[in-house]
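Have a look at the structure below before the remarks.
Every number in this text was worked out from the coordinates using simple rules, so none of it is lab data. Owing to the predicted nature of the structure, the values given are computational and were not obtained by experimental measurement. Quick reminder, even Gly has a Cβ in these numbers, built from the backbone with ideal geometry, and neighbours come from all protein chains shown.
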Amino acid sequence: MTPQLRTTCCMPACRSTRKADEPDEEWLCRRHFMLASRAARVEYDAAWREADKADWRRADGLDISAAPFVRVTAAWEQVKVEAFAAAGIAS
Ligand SMILES: [Zn+2]
């Protein structure tokens, strides 16, 4: 049995963890995710759904466009910058 991967909230000093799909997966716990602006969170959710669908299309060899993954990465960076700023931590 493989050991269960865990990821820790990106916020320094936060000890929240959750199950991870990948070893280097970044994550913010709900409390810290909510520090980002509504606009940033909405964009991230939309971008994540688009990238999730693109993953399936890519698996089927239908679409190999990188755009959805670039968008979700940018949206995630924005969420992190805003959450860190709201917590008074320079990212
Ligand atoms: Zn946290």
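The table below lists the values:
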item	result
Within segment 6-86: Cβ-based charge dipole about Cα centre, in debye rounded to nearest 20 (Lys, Arg +1; Asp, Glu -1)	440
Helical contribution to [θ] at 222 nm, DSSP H n ≥ 4, -39,500 (n - 2.57), averaged over the chain, rounded to 500	-16500 deg cm²/dmol
For 18, 38, order by how many other beta-carbon atoms lie within 10 Å, fewest first	38, 18
Candidates 13, 36, 67: whichever shows maximal mean-square fluctuation once the chain is modelled as a Gaussian network with Cα springs under 10 Å	13
Average Cα contact separation per residue, segment 6-86, under 8 Å, 6 or more apart, as relative contact order %	30
Förster-model FRET efficiency, 22 Å R0, residue 16 and residue 48, C-beta, rounded to 0.05	0.70
Volume per residue of the C-alpha convex hull in segment 6-86, rounded to whole Å³	90
Full-stretch length increase - residue 60, residue 90 - with 0.36 nm per residue and alpha-carbon distance subtracted	6.7 nm
